[in-house]
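All remarks here apply to the structure that follows.
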Amino acid sequence: MAQYTLYAYAIGLESHRIADQLVERFHGFIASREWRCPEVWTINQQRTDGDWELGLNLSLPEPHDEPLDWYSDVEAIVAFCTELRREYQQDFVIGIADARTGCGEDIIEVGSGQPAYEYLRRFIGVFPPS
C-alpha cells in the first residue's frame, strides 16, 4: 500500500441521482486510459448526510521512485473533474491523504474557474523539466 493517495472528491454532493451518474463516469474514466500509477479506484461512501466521499483515489508513487510521466495521471484527473464540473455544475476537491497518519489535505478546488494546475504541481513537488 502506498503512503500517499491523491483524491478527487465531489464537494457538497446532495443528490443520489447525480451520484449514480458520477460513479458511472468515474468507472468509465478509469477504464478509458492507461495509468502510469496503476492503483486507481472509485470511491462512493456516504457516512452521514453531510459527509459523502464520492470520486476517485490514485496511489501516488514513492518519491524518487516515480514512473516516467506519472504526473500525467494527476493532470488527467484534474481535467476530468473540470469536464464533470461543466456537465453537472458539481465542484470537486483535489487533495492528498497520508496512510501513515490518516490525515488528508485539500490542495485545490475544481469549480467554475480555471484549476490551479501550477499550485498543485508545486504542492506535490513536481516541477517542469528544465
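The values are calculated or read from the model by the stated rules, or taken from the named source; none is laboratory data. None of these values were measured; they are calculated from a predicted model. Note: ideal-geometry Cβ built from the backbone for every residue, glycine included; neighbour counts use all protein chains shown. For the accessible areas, the whole protein counts, side chains as well, though only heavy atoms, and no ligand, DNA or RNA atoms are used. Shrake-Rupley method; radii C 1.70, N 1.55, O 1.52, S 1.80 Å.
How large, in percent, is the carbon and sulfur part of the accessible surface of the chain at a probe radius of 1.4 Å?
Within the chain, the accessible surface is 47 percent carbon and sulfur.
Exactly which GluC sites (Glu not before Pro) in region 1-105 are in a DSSP loop and have at most 12 other Cβ atoms within 10 Å?
Of the GluC sites (Glu not before Pro), the ones in loops of region 1-105 whose Cβ has at most 12 other Cβ atoms within 10 Å are 14, 34.
Quote the Stokes-Einstein diffusion coefficient, in whole µm² s⁻¹, for the chain, based on the Kirkwood radius over alpha carbon pairs, a temperature of 37 °C and a viscosity of 0.692 mPa s.
217 µm²/s
Across region 60-74, in residue order, what do the Karplus-derived ³J(HN,Hα) couplings come to in whole Hz, using 6.51 cos²θ - 1.76 cosθ + 1.60 with θ = phi - 60° and x for Gly and Pro?
8, x, 5, x, 6, 9, 7, x, 3, 6, 4, 5, 4, 5, 5
Send over a whole-number figure in Å² for the accessible area per residue of region 1-67, probe 1.4 Å.
60 Å²
Check each of the trypsin sites (Lys or Arg not before Pro) in region 34-115 and keep only those in coil by DSSP with at most 15 other C-beta atoms within 10 angstrom; list them in order.
Passing both the DSSP loop test and the Cβ count: 100.
Can you work out the Karplus-derived ³J(HN,Hα) for every residue in region 99-112? Use 6.51 cos²θ - 1.76 cosθ + 1.60 with θ = phi - 60°, whole Hz, and x for glycine or proline.
Going residue by residue, I get 5, 6, 9, x, 9, x, 9, 5, 10, 9, 10, 9, x, 6 Hz, with x marking Gly and Pro.
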